[in-house]
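The values are calculated or read from the model by the stated rules, or taken from the named source; none is laboratory data. Keep in mind that what you see is a predicted model, and the values were worked out from it rather than measured. For neighbour counting, all protein chains shown are included, and Cβ atoms are generated from backbone atoms with ideal geometry for every residue, glycine included.
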Amino acid sequence: MSTTSVTTTASLPSSDFPEAQPLRQRRGANREGLEAGRRSTRTILWILLAVAMVLYGFPFLYLLFTSFKTPIDTIAVPPTILPREWTLENYTNALGRSGVLASFINSIQTAVISTLLSLVLAVPAAYGITRYKTPSGQVFIMAALVTRMVPPVAIGIPLASMMASVGLSDTPIALSIAHTTISLPLSIWLMCSFFESVPRDLEEAATVDGCSRLGALWRVVIPVVSGGIAVTAIFAFLASWNEFLFALLMTAIRSQTTPVVIANFQTQFGLDWGSMTALAAVYSIPVILLTLLLQRKIVAGMTLGAVKG
Amino acid sequence: MSTRNTISKLVTLGGLCTAVALVATGCGAGGPAPSSGGSGGSSSINVLVEAGGHAELTGVAEQCKKDAGIDVNFVELPYDGMFNRLSSEFSSGNVSFDVAALDSVWLPSFKDAVQPMDELFTDDVKKDIFPALVKEANVDGHFIGMPAWTNAEIILYRKDLFEDAKNKADFQAKYGYELAAPKTWKQYQDVSEFFTKDGMYGTDVKGAVETEWLAHVLQAGSPMVLDKDNNVVIDNAAHKEALDFYVSLAKDAPSGAAQVDWAAAQNLFNQGKTAMTRFWAHAYRQIPADAPVAGKVGAAAMIGGSAGVAGVPGPWYLSVPKATKNTDAAKKFVKCAYDYNDKGIESKLGLASRISAFQKYQDQPGYESFKPLIETLNGQATATRPATAKWQQIVDTVLIPLLQKAVAGGDTSALLADAKKQIQDLLK
């Protein structure tokens, strides 16, 4: 009833209905209250966001600031956050070290090959599992997780021996294959969830329009899950980009990647914090750029399937 | 669609870049292909080395290229991963290196995977290497590694504080003898106590590393942990005496001793928080120029106990794997490393293994740590760590936990007795 009353009075000039004035005032007050509530909620959310950002970002910021510190500043007791004296010396030392540029190229090669391999294998595998739903498919997807359950060092040493026996020792290809064993299970699982969110009707419609099964996959389904593919690619790329143990066991002169070079700043005789953090900061740039470039797709991919049902 | 196009372009570009990079770099960007050759071997060899030791061998490699025409490619690895890498390659029988720089504690573990090099250990060579190292390099009757560089703990102290007139007078008045770099346990305790004031500490106590306590065990007159017949002697009187001395310094050291390791102790000293430290000799030359203690540090030989001065050497050995196809070139490099051993002294680490190499530099400015280092390495009680493949396991699972409990106030007798049982179980 009150709804009717409000609707009626709101559509008429207030001077004709003086009794409507308090009601409008009440409505105004309610709206202001709501606005104030929204504002405070938004403020709280912003504060929480800021806190979360500081918590997540602090280690990286600390690393960044340390890379600009002088040698004695890097080991100050108690430690300081900001450099007392800013210097680029650590960057000069780190980037001037022999093998650093080569290690960057190796890291890029390895990560790109590993990401492509993961996608080429994971997309059809996930599509088959989600669309055909055979018992063997379900066993396969569970079995894919097994490699994630084994400690990497347990498969790293045999894998290194196998690569050496087929003549792939110390090559980016060997390391890429090893990295694919890490990223592939995750990629399959991720792609499965993305394919699940695509209605079958889309494919059936494409089939009615004359598409083959593969044509429907390529022309209809893949474009719909492109955000998911971007997310999967990012995860696969990161898994390879940051991987250390396999790189340590399987690379030497020709294919050593940057994480091993970064670790080399910690020696039995001391730790060169400045150079280590400088190289780590430089090494994080490509990943940050890639993430920014694909940001929209990643967000779209992460919400893909969120409204399924 | 535009994003899809971007992704497609990125993927295509990435693929093309990879393909071009792979072709252009011969499947890798790091350098030449791994060495290979027949038994005669090629003139290019790969040397596996811990990252900190790389600079030590750079000068040697240059000289070896001039003298023997051997190109040397270094494979640098972090210390923490090197043992795994060596184990992996030795066990597969397919090695990617022709020479490996091995930490002394690894020699017993890899003795069956490396070649004897007895012919390189002539009488002249043996005379010019510290006795403890000659002994350690010989495993089961064969020399399997040539010492490339060695280290030992010495005393680093704040010369400016020790030479301060007021400190000298106050110390004399309190302890009845002149303030100087300590030579005995008692002096070390006194000096540590004296300088623990005004926010400064006399020394550090390292609970997270074992070597320092083991040096005190040698000073007290006992072999470390195992005797020559591999009997566990960790509960004898010398071990107890050394542990009690070690723990007694905790009151004059920064708190949290259980977690203090080499890096922490070095930081504390370089920051001017401690007046003395027992530390590896290389640290003397690595004090940052902008450190508050730069130019104010003196060096002295390691302190002595009832058995005299003693330290635990920390040498690295060059070994040639049995699986290499470049034995000749590899052994030539090892000989170069001995012949031009002093080249390492001019590197950042600044160490050598030959007595003559240290002596050549000992009187030069900046190398004041060499005389104390030579004295410590020549110490009567100086000895290398027990030659057992289980040593690292003993250190990680028994000795360090034992020290951490001891510096935290544990009963030293009970801890040593317990450690004995644990080590006996490990060695079974």
Legend entry - Within region A:165-246, helices (runs of 4 or more DSSP H) holding 1 or more residues that are on the phi < 0 side of the Ramachandran plot and without any contact (Cβ under 8 Å) to a residue 40 or more places away in the chain: A:172-196, A:200-208, A:213-216
Inset, instruction - Determine, yes or no, whether A:Val51 is part of a helix (DSSP H, G or I) and exposed (fewer than 13 other Cβ atoms within 10 Å of the Cβ). - result: yes
Inset, instruction - For A:Ala154, indicate whether it is among the small types (Gly, Ala, Ser), out of contact with any strand residue (DSSP E or B) (no Cβ under 6 Å at 6 or more places or on another chain), farther than 14 Å from B:Ser96 by Cβ and in a helix (DSSP H, G or I). - result: yes
Legend entry - Any hit, region A:302-309, residues being of a type outside the set (Val, Ile, Thr) and closer than 30 Å to A:Ala76 by Cβ: no
Inset, instruction - Residue by residue through region A:197-221, note down the ones that are within 14 Å of chain B (Cβ to nearest Cβ) and surrounded by fewer than 17 Cβ atoms within 10 Å (Cβ to Cβ). - result: A:Trp218, A:Arg219
Inset, instruction - Among the numbered conditions (1) assigned to a helix (DSSP H, G or I); (2) crowded, with 20+ Cβ neighbours inside 10 Å, tell me where A:Ile141 comes up short. - result: (2)
Inset, instruction - Could you tell me whether any residue of region A:111-131 is within 14 Å of chain B (Cβ to nearest Cβ) and surrounded by fewer than 15 Cβ atoms within 10 Å (Cβ to Cβ)? - result: yes
Inset, instruction - Kindly state which helices (runs of 4 or more DSSP H) lie completely within region B:126-206 and contain at least 2 residues that are in the same structural domain as B:Ala264 (by TED's automatic domain parsing) and over 30 Å from B:Gln259 (Cβ atoms). - result: B:165-175
Legend entry - Given (1) in contact with a helix residue (DSSP H, G or I) (Cβ under 8 Å, 6 or more places away or on another chain); (2) surrounded by fewer than 19 Cβ atoms within 10 Å (Cβ to Cβ); (3) farther than 24 Å from B:Ala55 by Cα; (4) in contact (Cβ under 8 Å) with a residue 24 or more places away in the chain, index of the condition B:Val125 fails: (3)
Legend entry - Per-region count, region B:333-385, residues closer than 25 Å to B:Lys183 by Cα, assigned to a helix (DSSP H, G or I) and hydrophobic (A, V, I, L, M, F, W, C): 6
Inset, instruction - Scan region A:23-67 for residues that are in contact with a helix residue (DSSP H, G or I) (Cβ under 6 Å, 6 or more places away or on another chain) and among the aliphatic types (A, V, I, L, M) and report the count. - result: 2
Legend entry - Test set (1) without any contact (Cβ under 8 Å) to a residue 60 or more places away in the chain; (2) of a type in the set (S, T, N, Q); (3) within 14 Å of chain B (Cβ to nearest Cβ); (4) part of a helix (DSSP H, G or I) - A:Thr92 fails condition number: (3)
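Let's see how each residue does on (1) part of a strand (DSSP E or B); (2) without any contact (Cβ under 8 Å) to a residue 60 or more places away in the chain; (3) touching a strand residue (DSSP E or B) at 6+ places or on another chain (Cβ under 7 Å); (4) among the basic types (Lys, Arg):
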{"position": "B:Lys240", "(1), (2), (3), (4)": "no, no, no, yes"}
{"position": "B:Val247", "(1), (2), (3), (4)": "no, no, no, no"}
{"position": "B:Ala263", "(1), (2), (3), (4)": "no, yes, yes, no"}
{"position": "B:Phe279", "(1), (2), (3), (4)": "yes, no, yes, no"}
{"position": "B:Pro288", "(1), (2), (3), (4)": "no, yes, no, no"}
{"position": "B:Gly295", "(1), (2), (3), (4)": "no, yes, no, no"}
{"position": "B:Met302", "(1), (2), (3), (4)": "no, no, yes, no"}
{"position": "B:Ala323", "(1), (2), (3), (4)": "no, no, no, no"}
Inset, instruction - Determine whether B:Leu86 is assigned to a helix (DSSP H, G or I), under 20 Å from B:Met146 (Cβ atoms) and among the aliphatic types (A, V, I, L, M). - result: yes
Legend entry - Residues satisfying the stated conditions in region B:157-186, i.e. crowded, with 17+ Cβ neighbours inside 10 Å and over 30 Å from B:Ile394 (Cα atoms): B:Tyr157, B:Arg158, B:Leu161, B:Phe162, B:Asn167, B:Phe171, B:Leu179, B:Ala181, B:Pro182
Inset, instruction - Name every residue in region A:57-76 that is modelled with pLDDT under 90 and either in a helix (DSSP H, G or I) or more than 14 Å from chain B (Cβ to nearest Cβ) (or both), in order of residue number. - result: A:Pro71, A:Ile72, A:Asp73, A:Thr74
Inset, instruction - Determine whether A:Ser255 is small (Gly, Ala, Ser), buried (at least 19 other Cβ atoms within 10 Å of the Cβ) and at pLDDT 90 or above. - result: yes
Inset, instruction - With respect to A:Phe104, determine if the residue is away from every other protein chain (no Cβ under 14 Å), surrounded by 13 or more Cβ atoms within 10 Å (Cβ to Cβ) and not small (Gly, Ala, Ser). - result: no
Inset, instruction - Test each condition in (1) at pLDDT below 95; (2) under 21 Å from the mean Cα position of the chain (by Cα) for B:Val217 and report the one that comes out false. - result: (1)
Legend entry - Scan of region B:207-219 for residues that are assigned to a loop (DSSP other than H, G, I, E, B) and surrounded by 24 or more Cβ atoms within 10 Å (Cβ to Cβ), ordered by number: B:Gly207
